[in-house]
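Shown next, in structure tokens, is the structure this report addresses.
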Amino acid sequence: MKQGLRWLKDWAVPIAIGFVVAFGLKTWVASVAMVPSSSMYPTIPATSRHHVYIVVNKLETEFGQKIFRGEVVVFHFPDNPKELFVKRVIGLPGDTVKVTAHAVYINGHKLNESNPDIATYNGTKLGTYHVPQGHYFMLGDNRPVSLDSRYWVHKYVARSAIVGEADMIIGPIANIGPISQSLST
């Protein structure tokens with residue numbers, strides 16, 4: 001009997017505590033996500049054949065932290081909340097976003113997108129979008145191929161659906177580094 005209690009004290013309790021701590025870190029601090037498409041290329045250099053792994057910093061968007069224009073976030077896809085997407089925040093609550101072939105306008109003012117990682121051509125899905133309160137309008141950096149707010153049935157991402165900030169690329173090794181959180185350089 002003493003042998004069983006000693007095993008419990010020496011092994012089972014520390015292992016259980018480790019699982020609880022790991023679960024807490026994954027739930028509230030940071031997690032890893034796989035990016036399977038080129039919609040954010042070259043900011044996140046994934047392709048359909050070569051996936052990229054990123055760190056999702058949940059503290060950056062938890063506890064009422066303000067979401068800002070240009071931030072790259074991971075969120076539950078509005079048309080299928082079981083899926084996670086990663087895109088750049090373009091429209092904030094209350095904004096009117098107009099997407100033309102070569103520019104984006106926010107409330108009538110051209111958005112300064114001088115970051116060389118953001119496509120200068122927006123593809124053929126153009127239009128004007130009115131972002132409701134408590135929601136965000138998302139675009140991929142590789143806009144001609146990005147399945148983003150312009151294409152969704154539910155065009156806007158609720159604040160509650162945002163999981164965290166896409167903070168850094170951790171794999172493959174050749175791509176390790178921070179993810180730009182800015183529209184301009």
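The values are calculated or read from the model by the stated rules, or taken from the named source; none is laboratory data. Remember, predicted model here, so these are calculated numbers, not experimental data. Don't worry about glycine lacking a Cβ; one is built from the backbone with ideal geometry, like all the others, and counts go over all protein chains shown.
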ask   = Can we say H135 is under 21 Å from I162 (Cα atoms) and touching a Pro at 6+ places or on another chain (Cβ under 8 Å)?
value = yes
ask   = Residues of region 38-66 being touching a strand residue (DSSP E or B) at 6+ places or on another chain (Cβ under 6 Å), touching a residue at least 24 places away in the same chain (Cβ under 8 Å) and farther than 19 Å from I118 by Cα, which ones?
value = Y53, V55, V56, N57, K58, E60, T61
request  = Would you point out the residue of region 123-141, among those that are modelled with pLDDT of 95 or more and β-branched (V, I, T), that is nearest to the chain's Cα centre (by Cα)?
outcome  = V131
message = Test of understanding: among P45, P14, which residue is at pLDDT below 95 and in contact with a helix residue (DSSP H, G or I) (Cβ under 8 Å, 6 or more places away or on another chain)?
response = P45
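Residue by residue, here is whether (1) loosely packed, with under 13 Cβ neighbours inside 10 Å; (2) modelled with pLDDT under 95; (3) touching a helix residue (DSSP H, G or I) at 6+ places or on another chain (Cβ under 6 Å) holds:
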site	(1), (2), (3)
K98	no, no, no
W152	no, no, no
E165	no, yes, no
I173	yes, yes, no
G177	yes, yes, no
query = Residues in region 81-94: is at least one within 15 Å of the chain's Cα centre (by Cα), part of a loop (DSSP other than H, G, I, E, B) and without any contact (Cβ under 8 Å) to a residue 24 or more places away in the chain?
reply = yes
